[in-house]
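Asks: Pasting a structure below so you can have a look.
Throughout, read-outs are computed from the coordinates displayed, never taken from laboratory work. Small disclaimer: the values here were computed from a predicted structure and weren't measured. Glycine also receives a Cβ, built like all others from the backbone with ideal geometry; neighbour counts cover every protein chain displayed.
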Amino acid sequence: MTDEQRGYVYGFTAYAIWGFFPIYFKLLRPSPALEILAHRVLWSVVFVALLLTVMRNWRFLGRILRTPRLLGGVVTVALLIGVNWGTYIYGVNSSRVVETALGYFITPLVVVLLGVTVLRERLRLWQWVAVGVGTLAVAILAIDYGRLPYIALILAVSFGCYGLIKKRMSLPPAEGLFVESAVLAVPALAYLTWLNLSGGAQFGHVSATHTALMLFAGVATAIPLLLFAGAANRVPLVGLGILQYIAPILQLACGVLIYHEPMPPARLAGFGLVWLALMIFTVDGIRGARAAARVRAAAGATAATVAEPAAAALPTR
């Protein structure tokens with residue numbers, strides 16, 4: 001198995017786990033979203049710290065602390081993933097699983113827009129068409145909801161930015177996740193301390209199952225993020241965009257089939273336009289990747305042809 005193929009396996013597994021997250025977070029009620037988020041952060045730090053101890057790899061901390069740009073990137077992605085986690089938990093436990101699925105459906109389109117605005121990339125015609133169709137879909141869904149689907153938009157923007165910065169940093173999975181979680185651990189611990197002192201904590205006061213599931217939140221959070229980080233360092237952005245459809249498809253199924261959230265005709269039409277935009281985006285991305293591969297192959301063949309006469313002129317032994 002090649003390194004890129006291994007990356008696809010990591011990515012598929014990560015997105016499949018995320019796809020069933022609505023079921024898991026529903027089980028954590030009646031804890032509010034902020035309490036669940038704080039426990040996710042703290043138990044992620046504990047789990048990854050144990051993992052790094054077993055791996056005997058703590059020297060990376062010195063490199064991060066000595067590199068202001070890298071440290072700034074870590075803080076940025078920590079804030080982004082914190083916003084993403086908190087918004088997702090709130091969406092699931094306020095019966096908006098379908099809207100959270102929408103957020104991850106439109107994430108690839110947000111990544112395209114980030115390429116234009118941040119990386120100064122030029123879009124091809126069909127990429128612009130996909131973005132236009134996606135924008136129309138959001139407008140229709142906003143009319144259906146009676147508001148902007150802000151949960152979906154926050155999820156898409158935060159995770160799109162997280163993936164972009166994470167790929168550019170190229171940190172090893174476990175080390176990156178530990179530092180990101182550690183940045184969030186201080187405010188998380190402060191909040192949980194205040195919650196316990198004020199008597200509002202649900203952790204440890206609901207049931208043994210609830211307590212165990214809260215403790216397991218660190219493992220459940222860390223494993224797919226570690227897999228995603230491993231995929232992000234191995235798989236092209238186009239590949240990640242295709243894999244990204246797995247999670248929202250499963251989340252949408254959970255929302256409609258398990259939790260019976262409404263899907264009126266206007267909302268279904270909006271989702272249909274989103275899927276059309278993703279189809280256009282995916283097909284264009286595949287064609288672009290194939291064209292680039294042909295150009296590289298042609299350039300390699302030309303270089304080999306030019307090199308042959310020069311090689312023939314070299315003395316032989």
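Asks: Using the Karplus curve 6.51 cos²θ - 1.76 cosθ + 1.60 with θ = phi - 60°, what ³J(HN,Hα) values do you get for each residue of segment 274-281, in whole Hz, with x for Gly and Pro?
Replies: 4, 5, 4, 4, 5, 5, 4, 4
Asks: Another question, if that's okay. With the alpha-carbon atoms as the only input, what is the per residue convex hull volume for segment 134-252 in Å³?
Replies: Residue-normalised Cα hull volume stands at 161 Å³.
Asks: Pick out, in residue order, every one of the trypsin sites (Lys or Arg not before Pro) in segment 109-178 that is DSSP loop and has at most 15 other C-beta atoms within 10 Å; say none if there are none.
Replies: Those satisfying the criteria are Arg120, Arg122, Arg124, Arg147.
Asks: Give a residue-ordered list of calculated ³J(HN,Hα) values for segment 25-39 (Karplus: 6.51 cos²θ - 1.76 cosθ + 1.60, θ = phi - 60°; whole Hz; x for Gly, Pro).
Replies: Per residue, the Karplus-derived 3J(HN,Hα) values read 6, 4, 6, 8, 5, x, 4, x, 4, 5, 5, 4, 4, 4, 5 Hz.
Asks: Given a cut-off of under 8 Å on Cα pairs at least six residues apart, what relative contact order in percent is computed for the chain?
Replies: Result for the chain is 39 percent.
Asks: At a temperature of 20 °C and a viscosity of 1.002 mPa s, determine how fast segment 86-192 diffuses translationally according to Stokes-Einstein, using the Kirkwood radius over alpha-carbon pairs as Rh; express D in µm²/s, rounded to the nearest whole number.
Replies: Translational diffusion coefficient: 136 µm²/s.
Asks: Tell me the Kirkwood radius of segment 3-306: reciprocal of the mean inverse pair distance over distinct alpha-carbon atoms, in Å.
Replies: 20.5 Å
Asks: Taking only Cα atoms and a 10 Å spring cutoff, compute GNM fluctuations for the chain and point out the largest among Leu257, Leu243, Leu148.
Replies: Leu257
Asks: So what's the gap between the Cα centers of segment 118-153 and segment 172-228, to the nearest angstrom?
Replies: Using only Cα atoms, the two centres lie 33 Å from each other.
Asks: How far apart, in nm, are two points set 7 Å out from the Cα along the Cα-to-Cβ line at Val219 and at Ala139?
Replies: In this crude label model, Val219 to Ala139 measures out at 4.9 nm.
Asks: Considering the dipole of segment 3-306 built from charges on the beta carbon (Lys and Arg +1, Asp and Glu -1) around the Cα centre, which of Phe105, His39, Tyr90 is farthest to its positive end?
Replies: The Cα lying farthest towards the positive end belongs to Phe105.
Asks: For Glu121, list long-range residues whose amide hydrogen, built 1.01 Å from N in the peptide plane, is under 5 Å from its own amide hydrogen.
Replies: Val116
Asks: Also, I was wondering about something else. Nearest 500 deg cm²/dmol is fine: what mean residue ellipticity at 222 nm does the chain get from its DSSP H runs of n ≥ 4 alone, each adding -39,500 (n - 2.57), divided by its residue count?
Replies: That comes out to -27000 deg cm²/dmol.
Asks: Here is a further query. If you keep only loop residues by DSSP, which trypsin sites (Lys or Arg not before Pro) in segment 1-69 have at most 13 other Cβ atoms within 10 Å of their Cβ?
Replies: Taking segment 1-69 and a limit of 13 other Cβ atoms within 10 Å, the loop trypsin sites (Lys or Arg not before Pro) found are Arg56, Arg59, Arg66.
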